[in-house]
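Chemist: Here it is, the structure, as structure tokens.
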Amino acid sequence: NFNVDGRSILREFISEIKVADAIQYMFNMLLQSMMDMLLILLIVLYLLFEESFGETSGPTERGSFKAKIDSQIQQYIGLKTLISIMIGIAVYIILGPLLNVEYAHLLGVGTFFLNFIPNLGAFFATFITPIAMMVDSNSYSSADYILGIALPTACHAVVGNLIEPALFGKSLEIHPII
């Protein structure tokens with residue numbers, strides 16, 4: 001017998017809850033969510049109804065919008081494939097000839113495929129490198145491990161933050177806000 005009075009503990013707990021603070025917090029959260037939704041709605045409406053920055057053309061035929069979407073999807077996939085090939089080759093060159101990692105070719109191919117996954121693909125491609133280096137029969141110094149992580153990360157950062165936005169923005173006529 002622990003001699004615990006559940007009702008008194010519950011009453012004490014309820015008396016410590018500040019109802020006004022809880023209601024104010026919930027109201028602030030609701031208001032902030034509504035403001036966020038309004039801002040998102042305004043941005044979406046702006047992006048949907050803005051005129052393109054290029055040349056203005058006359059009336060278009062029915063179905064040309066779908067053709068433009070199809071064309072832009074094909075351009076996106078083509079550019080993403082080209083960029084992924086470049087980053088895969090760069091990772092192979094960094095890990096293979098520079099650091100003598102035995103599985104550099106597999107890491108380059110893995111980087112190519114993982115680059116199609118936004119944001120997380122680059123993380124996983126870089127995270128796999130030290131694991132492959134540990135499995136490798138060569139012995140590596142701490143500096144090799146650091147370079148094996150830092151150099152591919154730098155490649156992904158440059159490609160993901162500079163090259164991709166510039167190429168996609170120009171070729172796909174994507175608004176800078178995106």
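The values are calculated or read from the model by the stated rules, or taken from the named source; none is laboratory data. A quick note: this is a predicted structure, and the numbers were derived from the prediction, not measured. Cβ coordinates were reconstructed from backbone atoms using ideal geometry, including for glycine residues, and neighbour counts include every protein chain displayed. Heads up: the accessible areas ignore ligands, DNA and RNA and are worked out on the full protein's heavy atoms, side chains in. Shrake-Rupley method; radii C 1.70, N 1.55, O 1.52, S 1.80 Å.
Chemist: So for the chain, averaging the separation of alpha carbon pairs under 8 Å that are six or more residues apart and normalising by length, what relative contact order in percent results?
Modeler: Values: 99 pairs, mean separation 34.4, N = 178.
Relative contact order comes out at 19 percent.
Chemist: Please give the Cα centre distance for segment 143-177 versus segment 67-107, rounded to the nearest Å.
Modeler: 11
Chemist: May I pose another question? Dipole of segment 5-50, Cα-centred, from +1 at each Lys and Arg C-beta and -1 at each Asp and Glu C-beta, to the nearest 20 debye?
Modeler: About 160 debye.
Chemist: With a 1.4 Å probe and all protein chains left in place, how much accessible area per residue does the chain have, in Å²?
Modeler: 76
Chemist: Where in the chain are the DSSP H helices whose C-alpha atoms run 20 Å or more along the long axis and whose mean Kyte hydropathy is at least -1.0? Don't skip to the end; give the middle numbers.
Modeler: Details: long enough: 19-49 (45 Å, 1.74); 64-93 (43 Å, 0.80); 120-135 (23 Å, 1.95); 142-158 (24 Å, 1.12).
Within the chain the helices that satisfy the rule are 19-49, 64-93, 120-135, 142-158.
Chemist: Going through segment 105-159, which chymotrypsin sites (Phe, Trp or Tyr not before Pro) have at most 12 other Cβ atoms within 10 Å and a DSSP loop state?
Modeler: For chymotrypsin sites (Phe, Trp or Tyr not before Pro) across segment 105-159 that sit outside H, G, I, E and B with at most 12 neighbouring Cβ atoms in 10 Å, the list reads Phe116.
Chemist: What is the diffusion coefficient of segment 111-161 in µm²/s, taking the Kirkwood radius over Cα pairs and the Stokes-Einstein relation at 4 °C with a viscosity of 1.567 mPa s?
Modeler: Translational diffusion coefficient: 114 µm²/s.
Chemist: May I ask you to list the trypsin sites (Lys or Arg not before Pro) in segment 1-50 that are in a DSSP loop and have at most 14 other Cβ atoms within 10 Å of their Cβ?
Modeler: Lys18
Chemist: If each of Leu41 and Leu172 carries a label point 7 Å out from its Cα toward its Cβ, how far apart are those two points in nm?
Modeler: Placing both labels 7 Å along Cα→Cβ, they lie 2.7 nm apart.
Chemist: Let me ask another. Points 7 angstrom from Cα along the Cβ direction at Phe123 and His105: gap in nanometres?
Modeler: 3.1
Chemist: Can you compute the FRET efficiency between Leu82 and Gln32 using 1/(1 + (r/R0)^6), with r the Cβ-Cβ distance and R0 = 41 Å? Round to the nearest 0.05.
Modeler: Details: r = 41 Å, r/R0 = 1.01.
Once the sixth-power term is evaluated, E becomes 0.50.
Chemist: For the chain, what % of the accessible area comes from carbon and sulfur atoms, probe 1.4 Å? Intermediate results must be reported in sequence, preceding the final value.
Modeler: Details: 9370 of 13580 Å².
Reported share for carbon and sulfur atoms: 69 percent.
Chemist: I've got another one for you. Go through (i) 15.7, 46; (ii) 26.8, 87; (iii) 15.9, 57 and flag the label whose value is the computed Rg and Dmax of the Cα atoms in Å for this structure.
Modeler: Answer label, from the structure shown: (ii).
Chemist: A follow-up question, please. Based solely on its DSSP helices, what 222 nm [θ] is calculated for the chain when runs of n ≥ 4 H residues each add -39,500 (n - 2.57) and the sum is averaged over all residues, nearest 500 deg cm²/dmol?
Modeler: After summing the helix terms and dividing by the residues of the chain, the value is -23500 deg cm²/dmol.
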